[in-house]
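Engineer: Just dropping this structure here.
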Amino acid sequence: MADPILECRGVSKHFGAVQALYKVDFEVRPGEVMALVGDNGAGKSTLIKGIAGIYPFDEGQILFEGKPVKIHGPKDSSDLGIEVVYQDLALADNLDVVANMFLGREKVQNGFVIDEANMERTARETLTGLSVTTLQSVRQVVAGLSGGQRQSVAVAKAVMWNSKVVILDEPTAALGVAQTRQVLDLVKRLADQDLAVVIISHNLHDIFEVADRITSLRLGQTVDLFQTSEVTQQDVVHSITAGRMKYVPGMEQEEETA
Amino acid sequence: MTSETQTPDELPPISREHKEPTTVAEFFQAWWVRVQAGDLGFLPIIIGLVVIVIIFGSLDSRYLTERNFTNLLLQMASFATIGIGVVFVLLLAEIDLAIAFNSAVGGVVMTLLLRPEDPGWPWPLAIAVALTVTTAIGFVMGVIITKTGVPSFVVSLAFNLGLNGVVLILMTEFSGSGTIRIADETVRDISNAFLPDLWGWLLGIGGVAVVAGTELLKYRTRQQRGLPNKPMGILAMQLGGLAVVVIAAVWYANLDRGVPFVMVVLGFFLVMWSFIAGRTRFGRHVYAVGGNPEAARRAGISVDRVKISVFMIGGFMAGVGGIVIASRLQSVATNSGGGPLLLNVIAAAVIGGTSLFGGSGKVVSALLGALVIAAVENGMGLQNVNSGVKFVVTGLVLLAAVLADAFAKRRQTASGIR
């Protein structure tokens with residue numbers, strides 16, 4: 001088993017009086033799909049936003065490839081090779097697929113002219129490499145794409161930059177059956193290409209299909225770390241809703257009444 | 001993470017069902033499908049221009065004369081120049097209501113600095129200072145809008161009033177009559193001189209050659225990288241069409257006094273800003289911020305910096321337009337920048353197809369819209385109608401333009417293009 005590529009040790013974050021995360025441990029290895037589950041308010045989004053550099057953690061350590069790193073902003077995070085695909089995808093509807101995939105990192109020639117041909121080629125290669133074949137054209141404006149196509153473009157955008165860790169926030173939440181299938185297949189292909197994939201989802205069915213391991217959060221704390229093959233959906237639901245919380249006095253043991 | 005399995009010549013199509021059009025006939029078919037789906041491009045505005053020309057041409061025999069054509073170019077130049085700045089501001093879904101009086105500030109500052117012996121600055125310096133002032137005004141507006149989050153509508157409305165006041169104060173301070181004449185020959189020539197026939201031809205043909213060169217270069221690059229191209233026949237037709245229009249315009253203008261010099265100024269800025277909007281990272285970021293500011297921010301684009309730069313572009317082009325107007329009138333007056341100028345320049349950008357909701361529009365739309373506005377104004381001027389009727393008709397043209405746009409958008413939504 002490979003060593004974790006990304007590891008959070010005891011990270012905490014509070015917003016005013018609200019303790020959003022408390023001493024959370026989290027890790028993901030190359031080539032595996034790690035699911036992050038938890039009820040609303042469990043701290044899933046806070047955790048990934050911290051990793052993405054949207055805001056700093058109050059305490060704790062982030063290790064990347066075994067070395068401690070400081071992430072002060074989104075740029076630090078993407079420089080390490082961590083890419084986040086947010087739930088709202090953050091695509092500019094008025095721009096085409098190529099422009100979106102390269103947004104903010106356009107290739108230029110002669111110093112300042114956008115190298116459209118080069119970008120279009122790389123975009124096509126990346127999409128083809130991920131077997132995304134549902135797009136009519138990479139010059140299509142994103143506004144005209146379906147939900148699944150948009151998700152595929154957002155994922156392709158994330159992996160195009162030699163990224164090592166891809167974090168997907170609710171990638172299937174708004175999708176129909178066929179489109180969910182597209183995206184889940186895509187997630188598996190990412191792991192096959194030895195990327196570390198973190199997937200946040202409320203849909204345990206999806207998670208059990210793609211995830212190798214599952215980290216469950218509850219009220220801002222890590223509750224369990226499962227091997228997907230060793231547990232049932234029932235176990236995970238129990239962990240999400242009534243798991244043990246070692247930093248809450250009286251709840252160190254499995255509680256019955258929560 | 002790109003797969004290196006493909007060689008340049010055999011990149012597979014991105015979709016199994018879809019095929020890029022490769023012949024002229026297929027291309028026209030694809031184009032017609034897009035038009036039917038509501039993606040009209042510049043089609044409505046070109047039809048509109050033809051209709052306007054037919055209407056006024058049949059009403060008055062003087063309308064379709066070479067003398068009137070050059071007049072129309074002179075009238076249109078200032079709208080188009082300022083309109084370029086408006087296009088940039090609208091691309092961000094912002095608005096700059098101070099743009100007309102900012103242009104007047106530019107004209108007045110230049111004129112004051114040019115007054116013989118008081119201080120009697122050379123024209124390059126006077127123009128440079130005037131443009132610096134209007135750009136700085138745009139900068140201040142941009143900073144206020146981005147740093148406070150107050151909508152640009154309100155901030156620029158305040159600047160609209162304030163700059164109107166500045167123009168009045170400067171004019172009453174430095175002139176008794178309310179008008180200052182421009183004595184400098186060079187500055188007066190900007191909007192009053194005409195190119196010799198030969199230079200007009202060189203300008204027109206040179207312009208077409210530059211466009212053709214860029215397009216052919218793009219075609220070749222795409223071919224070399226194994227990317228789909230539009231059919232060569234279509235490219236030839238497009239370039240040929242452009243050449244015909246430009247050559248006809250130069251020929252027609254040469255029948256009269258020649259191509260106005262101000263077209264060189266306008267042409268330069270049209271090409272420059274089109275290039276910046278379409279081919280540079282900055283331009284791409286302007287579209288991105290206009291389309292989805294949050295996506296732009298997450299992509300590491302400094303949204304504030306883009307916005308401030310765009311308001312500076314607005315101020316700069318307003319200054320250029322103000323100088324063009326002052327040169328045309330050979331003076332500035334207390335009413336400079338007032339009247340319908342503001343609405344005309346915003347209408348020019350919108351009629352030309354720039355969306356008020358941001359993210360969609362082209363620099364050249366300022367030219368097309370300005371042509372429409374000037375064609376209407378000019379025609380009504382010949383009809384000797386009073387300015388009330390002028391406003392009503394211009395208003396109706398604007399309404400027709402935005403309605404056509406709205407219907408096209410609805411069509412596009414229905415057919416899934418956007």
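Engineer: If the only charges are +1 at each Lys and Arg Cβ and -1 at each Asp and Glu Cβ, what is the size of the charge dipole of the range B:199-259 around the Cα centre, to the nearest 20 debye?
Structural biologist: Values: 6 positive and 2 negative charges, 73 e Å.
Dipole about the Cα centre, nearest 20: 360 debye.
Engineer: Hey, any idea what the orientation-averaged projected area of the convex hull of the range B:289-352's Cα atoms comes to, in nm²?
Structural biologist: 5.7 nm²
Engineer: Would you list the P(r) distribution for the range A:135-240, with all Cα-Cα distances sorted into 5 Å bins from 0 and each bin expressed as a whole %?
Structural biologist: Going out from 0 Å in 5 Å bins, the range A:135-240 shows 2, 11, 22, 21, 18, 14, 7, 3, 2, 0 percent.
Engineer: Separate question: For A:Gln140, list long-range residues whose amide hydrogen, built 1.01 Å from N in the peptide plane, is under 5 Å from its own amide hydrogen.
Structural biologist: Result for A:Gln140 returns A:Val97.
Engineer: What order, most packed first, do the peptides B:82-91, A:208-217 have when packing is the mean number of other Cβ atoms within 10 Å of each residue?
Structural biologist: Top of the packing list down: B:82-91, A:208-217.
Engineer: If you put +1 on each Lys and Arg Cβ and -1 on each Asp and Glu Cβ, how big is the dipole of the protein assembly as shown around its Cα centre, in Debye rounded to 20?
Structural biologist: Around 1520 debye, computed over the protein assembly as shown.
Engineer: In vacuum, with every alpha carbon of the range B:199-259 counted as one equal point scatterer, what does the Debye formula give for log10 I(q)/I(0) at q = 0.12, 0.17, 0.20 Å⁻¹? Two decimals, please.
Structural biologist: So the normalised log intensities work out to -0.37, -0.62, -0.75.
Engineer: How high is the FRET efficiency from B:Ala406 to A:Val231, r the C-beta distance, R0 56 Å, rounded to 0.05? Let's see the in-between values first.
Structural biologist: On the way: r = 55 Å, r/R0 = 0.98.
Working from the Cβ atoms, E equals 0.55.
Engineer: Shifting gears a bit: Among B:Ala248, B:Ile205, B:Leu216, which residue has its Cα furthest toward the positive end of the charge dipole of the range B:199-259, with +1 on Lys/Arg Cβ and -1 on Asp/Glu Cβ?
Structural biologist: Of the options given, the answer is B:Leu216.
Engineer: Under a GNM of chain A (C-alpha, springs under 10 Å), which listed residue has the highest mean-square fluctuation: A:Val132, A:Val84, A:Val166?
Structural biologist: So, out of A:Val132, A:Val84, A:Val166, the one fluctuating most is A:Val132.
Engineer: Further question: Please name which of A:Gly66, A:Val84, A:Ser45 has its Cα lying farthest along the dipole of the range A:43-120 towards the positive end, using unit charges on Cβ (Lys, Arg +1; Asp, Glu -1) and the Cα centre as origin.
Structural biologist: Farthest towards the positive end: A:Gly66.
Engineer: For A:Asn110, project a label point 7 Å along Cα to C-beta. Then give me every residue of the range B:175-218 with its amide nitrogen under 19 Å of that point.
Structural biologist: The answer is B:206-218.
Engineer: Rank-order B:249-261, A:34-46, B:231-243 by packing density, defined as the average count of other C-beta atoms within 10 Å over each peptide's residues, highest first.
Structural biologist: Put in order of decreasing packing, that is A:34-46, B:249-261, B:231-243.
Engineer: Right, something else. Return the single residue from B:Thr354, B:Thr394, B:Thr148 with maximal mean-square fluctuation; model: Gaussian network over chain B, springs between Cα atoms under 10 Å.
Structural biologist: Result: B:Thr148 has the largest fluctuation of those listed.
Engineer: Which distance in Å, rounded to a whole number, links the C-alpha centroids of the range A:18-89 and the range B:100-166?
Structural biologist: 48 Å
Engineer: Another question, then. Compare the Cα positions of A:Ala123, A:Ala196, B:Gly142 along the charge dipole of the protein assembly as shown (+1 at Cβ of Lys, Arg; -1 at Cβ of Asp, Glu; about the Cα centre) and return the one farthest towards the positive end.
Structural biologist: Comparing the listed Cα positions along the dipole, B:Gly142 ranks first.
Engineer: Still on this structure, I have one more. At a Cα cut-off below 17 Å, give the aspartates and glutamates reachable from B:Lys147, other chains included and same-chain residues fewer than 8 away excluded.
Structural biologist: Those aspartates and glutamates meeting the cut-off are B:Glu94, B:Asp96, B:Glu294, B:Asp304.
Engineer: Cross-link partners among aspartates and glutamates for A:Lys75, C-alpha distance below 14 Å, same-chain residues fewer than 8 apart left out?
Structural biologist: Candidates past the 8-residue exclusion: A:Glu83.
Engineer: If I build a Gaussian network model for chain B, linking alpha-carbon pairs within less than 10 angstrom, which residue out of B:Gln330, B:Gln383, B:Gln224 has the largest mean-square fluctuation?
Structural biologist: Result: B:Gln224 has the largest fluctuation of those listed.
Engineer: So which of B:Lys362/B:Lys390; A:Lys13/A:Lys70; A:Lys164/A:Lys188; B:Lys362/B:Lys409 end up more than 18 Å apart, counting from Cα to Cα?
Structural biologist: Cα-Cα > 18 Å for B:Lys362/B:Lys390; rest within.
Engineer: Using a cut-off of 9 Å between beta-carbons, work out the net charge of the residues near A:Gln87 (Lys and Arg +1, Asp and Glu -1, A:Gln87 not included).
Structural biologist: -3
Engineer: Would you pull out the residues with amide H under 5 Å of B:Gly352's amide H, same chain only if 5 or more places away, H placed 1.01 Å from N?
Structural biologist: B:Gly369
Engineer: Sorted from largest down, give the three principal axis spans of the alpha carbons of chain B, whole angstrom values.
Structural biologist: Cα extents, longest axis first: 76, 55, 39 Å.
Engineer: Let me ask something else about it. For chain A, take the convex hull of the Cα atoms, compute a quarter of its surface area, and give me that in nm², please.
Structural biologist: So the mean shadow area of the Cα hull is 15.1 nm².
Engineer: Given 25 °C and 0.890 mPa s, compute D for the range B:66-158 with the Stokes-Einstein relation, Rh being the Kirkwood radius over Cα pairs; round to the nearest whole µm²/s.
Structural biologist: D = 164 µm²/s.
Engineer: Tell me the net charge near B:Phe42. Cut-off is 15 Å between Cβ atoms, B:Phe42 excluded, with +1 for each Lys or Arg and -1 for each Asp or Glu. Please list the in-between numbers first.
Structural biologist: Values: positive: B:Arg34, B:Lys362; negative: B:Asp39, B:Asp405.
With Lys, Arg at +1 and Asp, Glu at -1, the neighbours total 0.
Engineer: How many percent of all Cα-Cα pairs in the protein assembly as shown sit more than 39 Å apart?
Structural biologist: Summing the P(r) of the protein assembly as shown above 39 Å gives 44 percent of all pairs.
Engineer: Can you work out the FRET efficiency for the pair B:Gln224 and A:Ser131, with r the C-beta to C-beta distance and R0 = 22 Å, to the nearest 0.05?
Structural biologist: Details: r = 26 Å, r/R0 = 1.19.
Efficiency at R0 = 22 Å is approximately 0.25.
Engineer: Where in chain B are the DSSP H helices whose alpha-carbon span along the long axis reaches 20 Å or more and whose Kyte-Doolittle mean is at least -0.5?
Structural biologist: Numbers: long enough: B:43-59 (24 Å, 2.98); B:66-91 (35 Å, 1.27); B:99-114 (23 Å, 1.94); B:123-148 (37 Å, 1.68); B:152-174 (32 Å, 1.69); B:197-224 (40 Å, 0.23); B:232-255 (34 Å, 1.81); B:262-279 (25 Å, 1.99); B:303-329 (39 Å, 1.33); B:364-382 (27 Å, 1.71); B:387-415 (42 Å, 0.86).
TM-like helix candidates: B:43-59, B:66-91, B:99-114, B:123-148, B:152-174, B:197-224, B:232-255, B:262-279, B:303-329, B:364-382, B:387-415.
Engineer: Would you calculate the separation in nanometres between label points at B:Val246 and B:Ala136, each defined as 7 Å from the Cα along the Cα-to-beta-carbon direction?
Structural biologist: It is 3.8 nm.
Engineer: So how strong a dipole does the range B:265-418 carry about its Cα centre when Lys and Arg Cβ are +1 and Asp and Glu Cβ are -1, to the nearest 20 debye?
Structural biologist: The dipole of the range B:265-418 has a size of about 580 debye.
Engineer: Per 0.36 nm of contour for each residue apart, how much would the distance between B:Glu173 and B:Leu343 grow if the chain were fully extended, relative to their Cα-Cα spacing?
Structural biologist: So the extension gain works out to 58.4 nm.
Read the figures in this text as sums done on the coordinates, not as results from a lab. Fair warning: this is a prediction, and the values are worked out from it, not measured in the lab. Every residue, glycine among them, receives a Cβ derived from its backbone with ideal geometry; neighbour counts consider all protein chains shown.
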